[in-house]
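Asker: Structure incoming, see below.
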Amino acid sequence: MLCWMPCILACSRTLFAVAGVAAVLAAPLAAADGAQPVRPNIVYIVADDLGWKDVGFQGATDIRTPNLDKLAGAGARLQQFYVQPMCTPTRAALMTGRYPFRYGLQTIVIPGPAGYGLDTSEFLMPQCLQEAGYATAIIGKWHLGHADPKYWPKQRGFDYQYGAMIGELDYYTHSDAGVLDWFRDNKPVVEEGYTTQLLGSDAVRYVEGQSAGKPFYLYLAFNAPHTPYQAPKEYVDRYAGIADPTRRTYAGMVNCLDDEVGKVVAALERKGLRDNTLIVFHSDNGGTTNAMFAGQMTDLSKTKLPCDNGPLRDGKGTLYEGGCKVPAFANWPGRIKPQAVDGMIHAVDMYPTLAALAGAQTAKCKPLDGVDVWSSIATGASSPRSEIVYNVEPFRGAVRNGDWKAVWRAVIPSTIELYNLASDPYEKSDVAAANPERVAALQARINALGREQAKPLALQYVAGVGLKHARPLMGSIDGSGPVLVGQDGPSITDEGVGDHETAPAH
């Protein structure tokens with residue numbers, strides 16, 4: 001019987017080792033000596049309009065992203081990471097942990113001339129982490145309110161700010177329509193340089209200024225590869241083998257972003273901070289496949305758009321998978337198991353997940369839509385999430401429950417589509433007609449959410465602009481322009497309109 005003892009002891013050691021690894025991965029806050037819990041530094045990187053298949057770890061063969069690929073390969077590749085279909089809504093979801101239909105940011109983005117922003121009564125992630133003792137910084141694109149400083153990031157919990165308030169800007173002049181959109185700590189900055197490289201360099205400087213004694217949260221939000229499609233010549237030249245000129249420039253933009261990420265990681269390593277830094281990466285929405293959603297600075301209606309969403313259906317601005325499912329990963333050495341994670345995760349989940357890792361309290365938040373998905377990210381455990389709300393607007397909505405997804409366009413003539421994403425991940429077969437009960441249940445859910453939604457601020461803004469009383473755009477046969485009348489002319493309530501007309505002579 002004693003001959004079995006070595007085997008039993010060996011098996012026991014193996015089981016304890018496995019259990020120990022699982023415990024480390026699933027409970028990253030535990031400290032070995034039972035003293036102060038370990039709280040990670042957080043580097044949260046967001047790309048802008050990046051296609052699903054435009055990075056190597058998602059299958060790109062013509063664009064090189066070695067730094068992102070290395071991080072993804074050594075971390076959790078989040079295969080079902082969802083965001084909102086456009087920029088402002090996704091960034092709002094990240095900052096609040098709540099779906100943007102709850103506070104009016106569910107429709108399009110905040111236009112440059114608009115004065116509204118993210119409701120100041122929302123308690124944002126940087127405020128939450130700041131209260132927990134984190135240093136907080138945003139380097140890059142904000143796009144959650146620019147016309148009034150009360151919406152700016154320095155007023156919303158960020159200790160340090162550098163970059164653009166709106167987001168669609170020339171990569172070299174850092175402006176839109178002649179208006180500078182480049183700030184450091186609320187003050188305009190006039191400087192030379194390509195935005196992606198400027199943001200990367202500033203992030204490196206920020207990391208170099210940190211210490212192990214105080215955790216930090218760096219929100220690094222690149223505006224690349226959003227339009228306008230611009231890249232340094234050296235990067236475009238790297239892709240001479242790509243025939244399409246727009247795709248060639250786009251590839252250079254993505255490659256440059258990748259290089260800057262690599263420099264930030266190298267800075268973390270030099271400072272001895274890498275092992276205790278969680279790096280998260282994803283796009284803010286799917287790649288642009290329709291010129292209507294490509295931005296306003298350049299007319300791209302006759303341009304072949306360069307984004308590649310692979311087999312996913314459609315892209316930015318739509319409620320299909322190509323618009324809302326994005327390339328994503330999380331990397332924390334020794335704390336996240338390297339693997340593909342297939343559980344559903346939404347951008348709103350990152351707030352409660354990061355808050356829990358940071359030991360931060362969310363009591364000041366309004367009711368969160370997000371859930372803590374750390375065990376899914378760290379170990380690949382089943383996601384606690386069973387539903388994805390793609391968006392809810394007065395004219396459309398989409399919800400996924402389990403494997404079933406409904407896309408409902410409520411405008412007349414209304415349409416309802418149903419897909420089983422387990423058997424049909426690319427949404428090729430609408431099975432609504434064969435599943436009326438599932439359709440009815442998902443429509444009821446969308447309707448229920450619709451009753452909770454705030455009025456879309458973008459629609460109110462557009463209606464206000466479009467219906468504003470101004471001089472009519474009146475044509476004329478001879479090209480001389482409209483006939484102007486004096487202020488003493490008949491009002492719109494007078495029945496004598498036209499009385500000033502001179503009768504033709506007889």
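The values are calculated or read from the model by the stated rules, or taken from the named source; none is laboratory data. As the structure is a prediction and not an experimental result, all values here were calculated from the model. We place every Cβ from the backbone using ideal geometry, glycine too, and count neighbours over all the protein chains shown.
Asker: Read through the list (1) touching a Lys or Arg at 6+ places or on another chain (Cβ under 9 Å); (2) closer than 30 Å to Ala114 by Cα; (3) among the hydrophobic types (A, V, I, L, M, F, W, C), then give the number of the only condition that Leu442 fails.
Answerer: (2)
Asker: Follow-up question, since we're still on this one. Within region 145-157, does at least one residue satisfy the condition of being crowded, with 18+ Cβ neighbours inside 10 Å, part of a loop (DSSP other than H, G, I, E, B) and without any contact (Cβ under 8 Å) to a residue 24 or more places away in the chain?
Answerer: Checking region 145-157: not a single residue is crowded, with 18+ Cβ neighbours inside 10 Å, part of a loop (DSSP other than H, G, I, E, B) and without any contact (Cβ under 8 Å) to a residue 24 or more places away in the chain.
Asker: I've got another one for you. Being aromatic (Phe, Trp, Tyr) and closer than 20 Å to Leu257 by Cβ: is that true of Phe216 here?
Answerer: No: the conditions fail for Phe216.
Asker: Kindly list the number of the only condition in (1) modelled with pLDDT of 95 or more; (2) closer than 19 Å to Met86 by Cβ; (3) not hydroxyl-bearing (Ser, Thr, Tyr) that fails for Gly343.
Answerer: Failed condition: (2).
Asker: Also, I was wondering about something else. Mind checking which residues of region 250-301 are charged (D, E, K, R) and in contact (Cβ under 8 Å) with a residue 12 or more places away in the chain?
Answerer: Asp258, Asp259, Glu260, Lys263, Arg270, Lys271, Arg274, Asp275, Asp284
Asker: Now for a separate question. Being within 29 Å of Gly450 (Cα to Cα) and over 18 Å from the mean Cα position of the chain (by Cα): is that true of Cys365 here?
Answerer: Spelling it out, Cys365 is indeed within 29 Å of Gly450 (Cα to Cα) and over 18 Å from the mean Cα position of the chain (by Cα).
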